[in-house]
1. Within the range 136-162, name every residue whose backbone N is under 15 Å away from a label modeled 7 Å from Cα of ALA58 along the Cβ vector.
2. Based on the alpha-carbon gyration tensor of the range 65-164 and its eigenvalue square roots a ≥ b ≥ c, which shape applies: rounded if a/c is under 1.5, prolate if not and a/b is larger than b/c, or oblate?
3. If you take the square roots of the eigenvalues of the alpha-carbon gyration tensor of the range 1-105 and sort them as a ≥ b ≥ c, do you get rounded (a/c under 1.5), prolate (a/b over b/c) or oblate?
4. Of the residues GLU166, GLU131, GLU18, which exhibits the maximal mean-square fluctuation in a Gaussian network model of the chain defined by a 10 Å Cα contact cut-off?
5. Can you work out the Karplus-derived ³J(HN,Hα) for every residue in the range 33-49? Use 6.51 cos²θ - 1.76 cosθ + 1.60 with θ = phi - 60°, whole Hz, and x for glycine or proline.
6. Taking the Cα-to-Cβ direction at LYS143 and at GLN173 and moving 7 Å from each Cα, how far apart do the two end points lie in nm?
7. Expressed in nm to one decimal, what extension gain is obtained for the pair GLU48 and GLU184 from 0.36 nm per residue of sequence separation less their Cα-Cα distance?
8. Which whole-Hz ³J(HN,Hα) couplings does the range 138-154 yield from phi under the Karplus relation 6.51 cos²θ - 1.76 cosθ + 1.60, θ = phi - 60°, glycine and proline marked x?
Amino acid sequence: MMLGLKLPTDPRWVNIVEKNIDEILTDHAYCEQKAASTAISLIVSFPEYTELVEEMIALSREEMGHFKMVHDLIIARGNKLGRDRKDEYVLELVKFFPKGGSRTTQLVHRLLYAALIEARSCERFRLLSEELTDKKLAEFYHKLMISEAGHYTMFLKFARQYGDREEVDKKWQDLLTYEAKIMENLSKSEKVHG
């Protein structure tokens, strides 16, 4: 299955999105902003990983560019950015790995979380690009989908590079299994990960 995800999004989720386009756009805008924040946070926490820092500089700029694109779309639709809401998906996801451990372990865990969030976003954007009746929006999500796929592979590559490859791959599979369980209870709201 695409991206290694163990449970595909329920296609009916797109119907919820269609009825709540303005809601999903606000949620999506904040997802892009949080992705930029994650990149900056990794720089602040792990400045000695030069290659990671370089990539995170580029990523934070790209994600803020996406934030602007979504924000522009919201304004073009005659709306303004709403308030951020809790992301239940991410809150559940980050409970998986135990807190603490060595710096390297913490870095690997954060990279794996980031990889998975990007993978799920990519899968959701693919669905929107294929199923939305609004062709302009579908095209918009197609462009973003390609970009998210690149982010997912980059985070996974860094996790494997900085951690023990075998251990990292096992953690990745376990995290994917856990994520599928979270998804069983989601796909019911007008959020990117909802």
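1. Counting backbone N atoms under 15 Å from the label point, the list is 147-158.
2. Judged from the Cα gyration tensor, the range 65-164 comes out prolate (a/c at least 1.5, a/b above b/c).
3. Working: a/c = 2.23, a/b = 1.40, b/c = 1.59.
The shape class here is oblate.
4. Greatest mean-square fluctuation among the candidates belongs to GLU166.
5. Those phi angles translate into 5, 5, 5, 5, 5, 4, 4, 5, 4, 5, 5, 5, 7, 10, x, 6, 8 Hz.
6. 3.9
7. Working: separation 136, 0.36 × 136 = 48.96 nm, distance 3.86 nm.
Value of the extension gain: 45.1 nm.
8. Values per residue, Gly and Pro as x: 4, 5, 4, 6, 5, 4, 5, 4, 4, 5, 4, 4, x, 5, 4, 5, 5 Hz.
Values quoted throughout were computed directly from the atomic coordinates according to the rules given, and no laboratory measurement underlies them. As the structure is a computational prediction, the values presented were derived from the model and not from experiment. All Cβ positions, glycine included, derive from the backbone under ideal geometry; neighbour counts span all protein chains shown.
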